[in-house]
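Trainee: Before we start, here is the structure in question, set down as structure tokens.
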């Protein structure tokens, strides 16, 4: 609302205020996402956790497809200072819908809240399970090397393939459409007994398609192949994200889960920006196509590590056995 008022009173939106707004949004999201992820297994039957995570991913992928198109259309007919108020409308609708939902309460923790202590405790709980410890390390290294590549997609399209802004947008749409299809499949059929083979296969698909993209010729023909390769890459993406999240949700009690997911999200979200800091100069000096090769090799390495480390490869089997015994 402050941004909207500033855009109305002044001729241009102050850039510093946009940065402050983004900072506040990211801080709020740090609380919101682990909370949503921690709530899911408390309101969903155990056997449906994977499917519901797939449906959540499906909705998020649909947003990636619909929101840019809707935003572009509205931007052409509504001034930016009023368009920003759509975010306020989203807040009102979101809170209004939540008023009708019942979220189970966890047992109240009587001890005084200590942020640092709880963070260390969450980290310890995540690391004490051997399979999850290795999965977290693999995920963090993969995010460090792969996420910067996704951020460089527009540069790859326009600088390397000599494409247009519209083509850069097309790649994003194709990738998001693949994610939507992958999330839909998980949402409909996600009752697999052992999810790790699918996670490992997804790493290999993403790695191979991304690495091949780095070897394509820098012309329009290469760009068309780039589009085709991004279909299976986008389709495979939800499998390691969604299935790993479902396994982590089933590995902890509701009292522990929020703390653990807060630490996990912080670790993964930290490695992405760190990778971007390194990736920018590398793209300038060595070429953006080399980043795709590095990202592809990192995904293949993540798949190999998950396959060759027994506690990771067999983690879901052991988890399902524990859940069955508990039930």
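Trainee: Any residue at all in region 128-136 that is more than 20 Å from residue 40 (Cβ to Cβ), assigned to a loop (DSSP other than H, G, I, E, B) and either at pLDDT below 85 or within 25 Å of the chain's Cα centre (by Cα) (or both)?
Mentor: no
Trainee: While we're on this one: Consider region 76-97. How many of its residues are touching a residue at least 12 places away in the same chain (Cβ under 8 Å) and either farther than 18 Å from residue 1 by Cα or in a helix (DSSP H, G or I) (or both)?
Mentor: Count: 7.
Trainee: So, one more: Pick out the one residue from 58, 73 that is modelled with pLDDT under 85, in a helix (DSSP H, G or I) and under 30 Å from residue 326 (Cβ atoms).
Mentor: Checking each option against the conditions leaves just 58.
Trainee: On to the next question. Determine whether region 7-15 contains at least one residue that is surrounded by 11 or more Cβ atoms within 10 Å (Cβ to Cβ), in a helix (DSSP H, G or I) and free of Cβ contacts under 8 Å to residues at least 24 places away in the same chain.
Mentor: Checked against the condition, which is being surrounded by 11 or more Cβ atoms within 10 Å (Cβ to Cβ), in a helix (DSSP H, G or I) and free of Cβ contacts under 8 Å to residues at least 24 places away in the same chain, region 7-15 yields no hits at all.
Trainee: A further question on this structure: Looking at 256, 249, can you tell me which residue is assigned to a helix (DSSP H, G or I) and either at positive phi or crowded, with 22+ Cβ neighbours inside 10 Å (or both)?
Mentor: The match here is 249.
Trainee: Please go through region 283-301 and give me each residue that is under 16 Å from residue 154 (Cα atoms) and either in contact with a strand residue (DSSP E or B) (Cβ under 9 Å, 6 or more places away or on another chain) or surrounded by fewer than 16 Cβ atoms within 10 Å (Cβ to Cβ) (or both), ordered by number.
Mentor: 284, 290
Trainee: Has region 217-225 got at least one residue that is farther than 30 Å from residue 39 by Cβ, modelled with pLDDT of 85 or more, under 18 Å from the mean Cα position of the chain (by Cα) and in a helix (DSSP H, G or I)?
Mentor: For region 217-225, residues farther than 30 Å from residue 39 by Cβ, modelled with pLDDT of 85 or more, under 18 Å from the mean Cα position of the chain (by Cα) and in a helix (DSSP H, G or I): absent.
Trainee: Now for a different question. Kindly indicate which of 209, 242, 271 is surrounded by 17 or more Cβ atoms within 10 Å (Cβ to Cβ), assigned to a helix (DSSP H, G or I) and more than 17 Å from the chain's Cα centre (by Cα).
Mentor: So the residue among 209, 242, 271 that is surrounded by 17 or more Cβ atoms within 10 Å (Cβ to Cβ), assigned to a helix (DSSP H, G or I) and more than 17 Å from the chain's Cα centre (by Cα) is 209.
Trainee: Kindly list, by first and then second residue, each pair from a residue in region 145-165 that is at negative phi to a residue that is part of a loop (DSSP other than H, G, I, E, B) and modelled with pLDDT under 85, limited to pairs with Cβ atoms under 8 Å and residues at least 6 apart or on different chains.
Mentor: 160/287
Trainee: Let me ask something else about it. As an exercise: evaluate residue 201 against (1) modelled with pLDDT of 85 or more; (2) within 19 Å of residue 312 (Cα to Cα); (3) surrounded by 19 or more Cβ atoms within 10 Å (Cβ to Cβ) and give the number of the one condition it does not meet.
Mentor: Unmet condition: (3).
Trainee: Spot the failing condition for residue 48; the list is (1) farther than 29 Å from residue 122 by Cα; (2) surrounded by fewer than 18 Cβ atoms within 10 Å (Cβ to Cβ), and only one is missed.
Mentor: Condition not satisfied by residue 48: (1).
Trainee: Scan region 159-171 for residues that are closer than 12 Å to residue 226 by Cβ and either assigned to a helix (DSSP H, G or I) or in contact with a strand residue (DSSP E or B) (Cβ under 6 Å, 6 or more places away or on another chain) (or both) and jot them down.
Mentor: 160, 167, 168, 170, 171
The values are calculated or read from the model by the stated rules, or taken from the named source; none is laboratory data. Model, not experiment: these values are computed from the prediction. Note: ideal-geometry Cβ built from the backbone for every residue, glycine included; neighbour counts use all protein chains shown.
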